[in-house]
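A.B. asks: This is the structure I want to talk about, given as structure tokens.
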Amino acid sequence: MNAVAAIPTREQIDRFQELLSLYPQFEPETTHYFADGMYCRHVVQPEDSCVLGKEHAKPHFFVLLEGSMTVVGSGYRMKITAPRVLSCVPGDKRALYAHTRSVYMTIHKTDKTDLDEIEAELIRDDGKALFDSANKLKFDVPKFRELTVCVIANERPGFWSDWSKEEQLLYSEDRWEEFSRLLGYTDKQIEQFREWLGMIAQARKAGLNPYVYIHDLATGAALENLRDDSRGEILKSSRLAGEDSP
């Protein structure tokens with residue numbers, strides 16, 4: 001929860017959802033109840049776990065029956081202890097961190113009893129292009145990190161002044177494959193880099209920032225380059241293929 005701003009924006013809540021997708025997932029123990037136009041969802045959440053809910057389309061109640069939680073949403077953060085009742089407004093999307101084993105209910109007004117129909121009525125589409133039905137990110141983060149490790153390991157030493165005039169020209173014109181072949185990269189290494197660029201494009205098309213998932217790898221590589229750059233040439237030779245800015 002420390003990754004979320006003290007009073008986060010909705011965009012920060014969505015990005016937090018991306019971050020949570022990197023961690024081991026679990027399914028909270030959930031029981032469903034129905035009674036005369038009402039639907040109640042009873043949830044048991046383990047200690048030291050975090051659940052991020054979907055965006056609700058209608059008002060409802062959240063009732064903490066047992067335990068202690070930090071609740072974070074767009075524009076608010078609060079620590080609550082049972083018993084506690086919260087009245088939730090449409091458009092709300094909450095992250096729930098359980099300091100202790102916590103038990104809570106959400107209570108909704110609906111005549112439906114089919115769970116898929118209930119979700120269609122009560123939940124807004126808040127990013128289903130990014131997340132599947134299990135709320136799992138539609139982006140293969142482990143594969144992207146694995147490719148990143150390969151790309152970094154394949155990188156050959158040298159900066160702008162170490163390249164020939166032809167290599168500098170190819171680099172400037174973004175003809176990265178020809179440039180790579182002149183530097184001696186193998187077909188396999190070139191294909192790995194092509195796949196890596198493809199995954200970056202895939203993430204951006206889905207509205208994701210792919211660099212969130214490799215910041216540790218990229219930072220380590222950047223520090224090594226800085227140590228080797230005695231002539232201050234990194235800005236001349238640090239542009240991703242297909243991008244205009246360094």
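The values are calculated or read from the model by the stated rules, or taken from the named source; none is laboratory data. Given the structure is predicted, the values throughout are model-derived calculations rather than measurements. Here the Cβ positions follow ideal geometry from the backbone for every residue, glycine too, while neighbour counts run over all protein chains shown. Please note that ligands, DNA and RNA were not included when accessible areas were found on the heavy atoms of the full protein model with its side chains. Shrake-Rupley method; radii C 1.70, N 1.55, O 1.52, S 1.80 Å.
A.B. asks: Answer yes or no as to whether Glu191 is in contact with a helix residue (DSSP H, G or I) (Cβ under 7 Å, 6 or more places away or on another chain) and outside any loop (DSSP other than H, G, I, E, B).
C.D. replies: no
A.B. asks: Across region 149-166, what is the total count of residues that are in a loop (DSSP other than H, G, I, E, B) and acidic (Asp, Glu)?
C.D. replies: 1
A.B. asks: Select from region 218-246 the residues that are modelled with pLDDT of 70 or more and either β-branched (Val, Ile, Thr) or more than 23 Å from Glu177 (Cβ to Cβ) (or both) and list them in ascending order. Let's see the steps before the verdict.
C.D. replies: Residues of region 218-246 modelled with pLDDT of 70 or more: 218-228.
Result: Thr219, Gly220, Ala222, Leu223, Glu224, Leu226, Arg227, Asp228.
A.B. asks: Ok, one more. Please work out if Phe159 is farther than 27 Å from Pro24 by Cα and in contact with a Phe, Trp or Tyr (Cβ under 6 Å, 6 or more places away or on another chain). Before the answer, list the steps.
C.D. replies: On the way: farther than 27 Å from Pro24 by Cα: yes; in contact with a Phe, Trp or Tyr (Cβ under 6 Å, 6 or more places away or on another chain): no.
In short, no.
A.B. asks: Consider region 166-217. How many of its residues are under 30 Å from Arg15 (Cα atoms) and open to solvent by less than 50 Å² (accessible area, probe 1.4 Å)?
C.D. replies: Looking only at that region, the number is 15.
A.B. asks: Is there a residue being buried (at least 17 other Cβ atoms within 10 Å of the Cβ) and under 17 Å from Thr30 (Cα atoms) anywhere in region 65-88?
C.D. replies: Yes, region 65-88 contains a residue that is buried (at least 17 other Cβ atoms within 10 Å of the Cβ) and under 17 Å from Thr30 (Cα atoms).
A.B. asks: With a cut-off of at least 1 residues that are touching a Ser or Thr at 6+ places or on another chain (Cβ under 8 Å) and farther than 13 Å from Met105 by Cα, name the strands (runs of 3 or more DSSP E) lying wholly within region 1-93.
C.D. replies: 68-73, 76-81
A.B. asks: Is it the case that Thr148 is on the phi < 0 side of the Ramachandran plot and either at pLDDT below 90 or exposed (fewer than 15 other Cβ atoms within 10 Å of the Cβ) (or both)?
C.D. replies: For Thr148, the condition - on the phi < 0 side of the Ramachandran plot and either at pLDDT below 90 or exposed (fewer than 15 other Cβ atoms within 10 Å of the Cβ) (or both) - is not met.
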